[in-house]
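Structure provided below as structure tokens; questions to follow.
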Amino acid sequence: MEQDASMDPQALARRFPSHFVWGVATSAFQIEGATHEDGRADSIWDVFCRQPGAIADASNADLACDHYHRWQGDLDLVQQLGVSDYRFSVSWPRVQPLGHGAWNPKGFDFYDRLVDGLLQRGLAPNLTLNHWDLPQGLQERGGWASRDTVHRFVDYAAEVARRLGSRLRTLTTHNEPFVQAVLGHESGIFAPGIRQRGMAIQVAHHLLLSHGLALRALRAQGLECDLGIVLNLSPVQSASDDEVDRARARLEDGRLVRWFMDPLFRGCYPDDVLHELGADAPRVEQGDLGIIATPNDFLGVNYYSRSVFGAAGAVDPRQLSGQITDMGWEIYPRGLTELLCRLHRDYTLPDVYVTENGAAFPDQLVDGRVQDAARTRYIARHIEATADALAAGVPLKGYMVWSLLDNFEWASGLAKRFGIVHVDYATQRRTPKASAKWYRDFLLAMRASAAA
Ligand code: FCB
């Protein structure tokens with residue numbers, strides 16, 4: 001592995017306070033499997049996987065990492081890393097099969113055991129309510145495009161909080177509303193596979209509205225853990241200094257960043273994007289924007305890469321710095337610092353966590369080992385970028401690697417591997433990669449510098 005000062009665990013550890021949160025993240029649909037067990041019903045992703053051509057390798061998540069049966073060993077792996085926190089999500093159709101009406105006790109039992117299993121191992125649970133797997137029963141009633149789903153989500157949030165809330169450190173309403181709205185309802189490459197821009201915008205509005213309403217309901221219920229939302233954000237840069245390129249980049253920044261940050265932290269939608277949407281602008285009822293701007297305890301930021309736009313559209317990442325991951329995403333650690341500093345400059349932020357950061361590479365298991373030097377370097381570089389943002393005054397409280405395990409990477413199927421632990425899908429054998437060992441060494445160094 002190329003020697004690089006930023007990869008020295010000791011030097012990096014000295015740049016963080018001892019109480020900084022370190023974690024690994026997963027999501028229910030991507031790891032659990034057991035899609036037809038113990039009363040779970042279909043989510044929109046189960047249905048989407050059955051559409052010919054929807055998933056690149058024609059795989060599905062029926063088995064995935066079989067985490068539903070192997071969760072104890074998986075939590076042991078988390079513990080062995082030496083992290084303080086684990087981020088996971090609840091599968092809504094496991095605990096309320098249709099998304100309305102009856103609760104499924106067996107579904108709740110699983111998360112009960114999981115949360116207790118974390119606490120027993122000294123790990124703090126960070127629960128996400130919606131990591132994309134909407135019950136199909138609600139899709140059949142209009143899904144997120146229907147305002148009724150907002151109220152169903154608030155009921156679901158309240159029930160999860162009632163059963164598990166007192167044992168959580170953080171609770172997140174939604175993971176990446178942009179992706180659910182735009183990839184699910186505009187480009188249609190993710191579930192539920194719809195292609196209507198106006199609907200995508202309405203879905204985004206309903207996701208934000210349900211976030212605000214859920215926060216109010218959970219606080220009224222007396223829930224004490226920290227509440228927030230997770231957004232996928234990137235710096236959006238212009239391909240050149242030309243005014244036409246800059247205008248396009250500014251609009252794309254509006255769509256990706258300001259469309260979500262402005263209503264959440266300023267109580268309004270950005271005018272330039274509203275103007276461009278024209279007839280596709282969302283139907284907003286009186287009071288909605290005030291609800292969306294309900295204060296958050298934290299903001300989660302998922303960061304993978306930057307975006308570069310010119311007048312003609314997105315610039316192919318391969319034409320940029322040349323270093324790309326197996327997803328075709330450019331490796332651009334500095335973008336994380338730039339993004340966090342910009343958010344800190346433009347908004348009054350609550351606590352901030354990097355809730356996802358990681359990379360897919362075509363790993364090879366050779367003689368029982370995976371030497372994923374590129375991933376190790378990616379993670380170390382982004383932790384360094386996080387330290388730079390912290391030093392610049394961003395109210396950062398934690399960082400989590402995506403992902404603990406290789407898992408079902410949505411429309412890319414099982415072929416793209418993001419784990420710091422390798423999964424052999426034929427045997428379900430787990431093998432920590434070199435990156436997991438580096439992260440463990442880094443966390444050991446963190447502990448040693450905290451004790452010093
Ligand atoms: C994010 C998702 C996560 C994972 C990573 C690679 O958009 O939140 O589930 O798929 O990308």
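Solvent-accessible area of Ile379, probe 1.4 Å, all protein chains present, reported in Å² to the nearest ten, please.
Number for this one is 0 Å².
Enter the accessible area per residue of the range 230-275 (Å², integer; probe 1.4 Å; all protein chains in place). Provide the component values of the computation, followed by the final result.
Numbers: 1990 Å² over 46 residues.
Accessible area per residue: 43 Å².
How are the alpha carbon pair distances in the chain distributed across 10 Å bins from zero to the largest one, expressed in percent?
Values per bin, smallest distances first: 4, 21, 33, 29, 11, 1, 0.
Turning to a different aspect of this structure: Express the carbon and sulfur contribution to the solvent-accessible surface of the chain as a percent, rounded to the nearest whole number, probe 1.4 angstrom. Before the final figure, lay out the partial values.
On the way: 8430 of 17060 Å².
With neighbouring chains kept in place, the figure for the chain is 49 percent.
Quick one: length gained pulling Gln10 to Gln364 fully straight, 0.36 nm per residue minus the C-alpha distance? Present the calculation step by step, with values, prior to reporting the outcome.
Details: separation 354, 0.36 × 354 = 127.44 nm, distance 2.83 nm.
Result: 124.6 nm gained on full extension.
While we're looking at this one, here's another question. Which order do the peptides 207-219, 356-368 come out in when sorted by mean C-beta neighbours inside 10 angstrom, highest first? Present the calculation step by step, with values, prior to reporting the outcome.
Details: 207-219: 22.8, 356-368: 16.5.
So the peptides 207-219, 356-368, ranked by packing, come out 207-219, 356-368.
Please give the per residue accessible area of the range 14-142, computed with a probe of 1.4 Å over protein heavy atoms only, in Å².
Numbers: 4530 Å² over 129 residues.
Value for the range 14-142: 35 Å² per residue.
Let me ask another. Hey, which aspartates and glutamates would be in cross-link range of Lys433, C-alpha to C-alpha under 15 Å, not counting anything within fewer than 8 residues on its own chain?
Answer for Lys433, where 15 Å is the Cα cut-off: Asp74, Asp363, Asp367, Asp372, Asp406, Asp424, Asp441, listed by chain and number.
Which one, Ala380, Ile194, Leu215, is farthest towards the positive end of the dipole of the range 5-451 when Lys and Arg carry +1 and Asp and Glu -1 on their Cβ?
Value computed over the given set: Ala380.
With contacts defined as alpha carbon pairs under 8 Å and 6 or more residues apart, what's the relative contact order of the chain in percent?
Numbers: 929 pairs, mean separation 85.5, N = 452.
Here the relative contact order equals 19 percent.
Only helical DSSP H runs with n ≥ 4 go in: add -39500 (n - 2.57) per run for the chain, normalise by residue count and round the 222 nm mean residue ellipticity to 500 deg cm²/dmol.
Working: 16 runs with 177 residues, N = 452.
That comes out to -12000 deg cm²/dmol.
Related question: Skip the ligands, DNA and RNA, and give the accessible area per residue of the range 388-452 with a 1.4 Å probe, whole Å². Before the final figure, lay out each step's value.
On the way: 2220 Å² over 65 residues.
Using a 1.4 Å probe on heavy atoms only, each residue of the range 388-452 averages 34 Å².
Now a separate question. Please list the non-local residues whose amide H lies under 5 Å from the amide H of Ile324, H modeled 1.01 Å from N, same-chain partners needing a gap of 5 or more.
The answer is Ile331.
Related question: Give the accessible area for Leu63 in Å² (nearest 10); use a 1.4 Å probe, count only protein heavy atoms, and leave out ligands, DNA and RNA.
The value for Leu63 is about 90 Å².
The values are calculated or read from the model by the stated rules, or taken from the named source; none is laboratory data. Please read these numbers as outputs of a predicted model, since none were measured by experiment. Neighbour counts are summed over all protein chains in view; Cβ atoms, including those assigned to glycine, are modelled from backbone coordinates with ideal geometry. Remember, those area values only see protein heavy atoms, side chains included, never the ligands or the DNA or RNA. Shrake-Rupley method; radii C 1.70, N 1.55, O 1.52, S 1.80 Å.
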